[in-house]
């Protein structure tokens, strides 16, 4: 009851507070320092590229570094809401940070547009009309992995992920779609760097395929060690271990590996071609999927600004739900829980000149939504 | 579980252990001789890996990369010793903790400033790539066997250095009585710089060797640092022999714990839950080992009795 | 008392600052400044807890994150059950969750006190660096346990949507919550000052300097230290509960060794064994973090350089430098 009272009170406050009708202030909380900084920098650069291309005077972006620490993220959110008086929050990369920030922010009547994390709670029971996910629900790419395993006729998969909620969700997502048997299921230590022991177990298990979710440095380590182990069982993973930022660090070990993603630089539409070209010009590197998500987030936001003023929360929400913008992914729309309904592709790692990158080889799931939408009652 | 799998896991544990030893040897020497807690030892590990990746990228030679890692880490180590560390020897442990914690911040972000925020590429050289077949039909990566060999050779070299050379005598004397060896005319500040640079070089080498099969990224040093501290404490501070035994013990516990504990829980519970609980326990295993050893022997396995 | 005047004066100025700054922020309508001040006060409280073991007892614990985290999870678990109206325990008897701060604090103090008693009893068999590392080991065990234990969110942690209540106050108002935290800190500081002068505090201090001396008068240094370590854990646990309430969120990061390190850093910056050492340290650290954060993506470099300069040139911490060397730790 208290929660409802608070939500009401803050909505009232938002309505009565003097809001400058002509502008919109965005607070971006993202990871810009430490080991995970590459992802945050990509999201920020993609977002700011879209903003600068639109060349509008009515949008102001405040950017802060959360250092990948949940308590810092919460305090930054307080700062953005209390001091900076932002209208919209965005930028968080990690699920645990999103879980710390999003529920409180939307309860205070702010909009939150997620450019990366999509924990299941926020898609289901904990969903909120002011929370929009522009990337994916966490399970999506793993479900695509399971669906791909069926089409590739894998019968006996070995699956592994770190022992934390997103890892457990990942394997659940894979198993939701996958129809074959499991040769083994492993939870590794979060931040683990040596996978010799896991690879030995894969070798002994008689599996016909391996599915792994090991984001960031963990994936680099796994792929390098897997390639060196002499095992030739096909490996499949989500795009997080194959994004543009880390592929160069994996090198030949990733060549030919199949992975699932909602975006790739060769998706054939004008927006995407333009995005890839201008991103390279602006930052001197190829964009990653994180950059595309940041870019789409900014464009979604600006498309809503064209239709409605943020001070009219209902109209602005409706404008966001319409998702009337040119996405780098081509078709993009929101499901009933404000999470994407989109195609998920199968990609393969190739080498273009000296650069490792991905190319789309098929579609794993079309117009895919998440399973949690049924639990979401606004 | 088949014997082959078990044998392979023992080799994996051994490999992890000897690399931890190379990392921990410098830490334990610096602690034993200078009485210094150096949290920035992990940064030297990272510097070695980054130097190796940069040189391997430019020249394509893995050997040159290793040399670069050794010299870069030794140079940075000597520099840091002269500029900062030597002001800390007569301070208490707390000041050392804070100062070397500050060094971690400077090194991590400095590395990111120079090399960017994305992981670097460093790979195994072609002549060490791929698996070999061992007696008993075990397929084992050649590179990991090389790591075991290098680690054990370094251990042997260190034992020789400590027990058979003039420098070793000075180091051992320094561990026992600092004032005495200064009184005997040994240039103590030079000795300290050499010991620190030697420890740094070993950490840098470990970083380069391990970096080839891992991700070369900012922050890679901290998890290893914690493990190295676990090793030197279990072994007994200042003891090279203790560090070697403890490193192998920690390597085996970590590797075998991750395999055996989930298997053990599967005997009497449902598979998914067993994997989850087994993995949780396995990630705590080395800390449980350390606590048990210290409760049993409060100064580690080979530490000087208080 | 006279030789303490400069430090006492400094402490009083610090207290005045901790009252005036939030009042200014309140009048100037800068709620985030109040939030920052609240964070500093809570972290100072955690530091005051550690300082009892570290400064007075000479017990360098790198595992106080364990108690900080336990306090946080005491809040998280009780409040999340109250939030979802599901009892924590149904058999053999029913335990309901709660959103009342006093009850949560009591639970946090008791659970972290029990943990400190158990960890202390085992760890105090060792000393010096071994003690540092065994406390670290216990902290790490809890950290990995919290990450992989799914019942309360694992690495995602637990979100509590509304701050817990305190009878007669609106805790959602930043200045009122600050008032609560500041009052708790003041009470704990007064208790610690009295404790240091009590027979127990004097014996503990003596045991730190020469353990034999207290043994010869028939006091066991082990028991003294264990009591100090337990009290220390209780205070840090209380700080953890408040910190969780500040963020309305708990996560395993509260258990990480970096948290232990940070709490220790506050004490070293301020001055070891000084009553106000952790307070000064926490205020400086939070201020630096806030002021440097906006400078560049690489602001950790500046933070590192500043910390380094403090260690190298401000011996005895900031209080030691400003208030003179008298009564400094040895």
Fill in the blank from the handout: Note on chain C: alpha-carbon gyration tensor, axes a ≥ b ≥ c; rule is a/c under 1.5 for rounded, else prolate if a/b larger than b/c, else oblate; result oblate
Practice task
For a label point 7 Å from the Cα of residue C:312 along Cα→C-beta, name the residues of the stretch C:222-265 whose backbone N is under 17 Å from it.
Solution key: none
Completion exercise
D (µm²/s, integer) via Stokes-Einstein for the stretch A:169-265, Kirkwood Rh across alpha-carbon pairs, 4 °C, 1.567 mPa s: value 93
Fill in the blank from the handout: Expected integer from the mean partner chain Cβ neighbour count at 10 Å over A:220-226 is 5
Practice task
Counting only DSSP beta bridges with both residues in the protein assembly as shown, tell me the antiparallel percent, nearest 5.
Solution key: 45
Completion exercise
The alpha-carbon pair-distance distribution computed for the stretch A:40-141, with 5 angstrom bins and whole-percent values, is 2, 12, 24, 26, 21, 11, 4, 1
Exercise for the section: Provide the descending list of Cα extents for the stretch B:32-167 along its principal axes, expressed in whole angstroms. Expected result: 55, 43, 24
Exercise for the section: Have a look at chain A and give its Rg and Dmax from the Cα atoms, expressed in angstrom. Expected result: 20.5, 66
Exercise for the section: In nm, give the distance between the simple-model label positions of residue A:333 and residue A:307, each being 7 Å from the Cα along the Cα-to-Cβ direction. Expected result: 1.2
Problem - Label-to-label distance, nm, for residues given as residue A:355 and residue B:71 (7 Å Cα→Cβ offset) - result: 3.3
Handout entry: Cα-derived Rg to Rh of chain B, Kirkwood definition
Key = 0.99
Practice task
Treat each spin label as a single point 7 Å out from the Cα along the C-beta direction, and report the residue A:363 to residue A:255 distance in nm.
Solution key: 3.1
Exercise for the section: Please label the shape of the protein assembly as shown as rounded, prolate or oblate, based on the square roots a ≥ b ≥ c of the eigenvalues of the alpha-carbon gyration tensor (a/c under 1.5 means rounded; beyond that, a/b larger than b/c means prolate, else oblate). Expected result: oblate
Exercise for the section: Apply 1/(1 + (r/R0)^6) to the Cβ-Cβ distance of residue B:167 and residue B:6, taking R0 = 41 Å, and write down the FRET efficiency to the nearest 0.05. Expected result: 0.50
Fill in the blank from the handout: 1/(1 + (r/R0)^6) with r = Cβ-Cβ of residue C:90 and residue B:304, R0 = 60 Å, i.e. FRET efficiency to nearest 0.05, evaluates to 0.65
Completion exercise
The FRET efficiency for residue C:100 and residue B:267, from their Cβ-Cβ distance with R0 = 56 Å and rounded to 0.05, is 0.80
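No value in this document is a laboratory result; all are computed from the given coordinates. Bear in mind the structure is a predicted one, so any value in this text is a computation, not a measurement. Cβ coordinates were reconstructed from backbone atoms using ideal geometry, including for glycine residues, and neighbour counts include every protein chain displayed.
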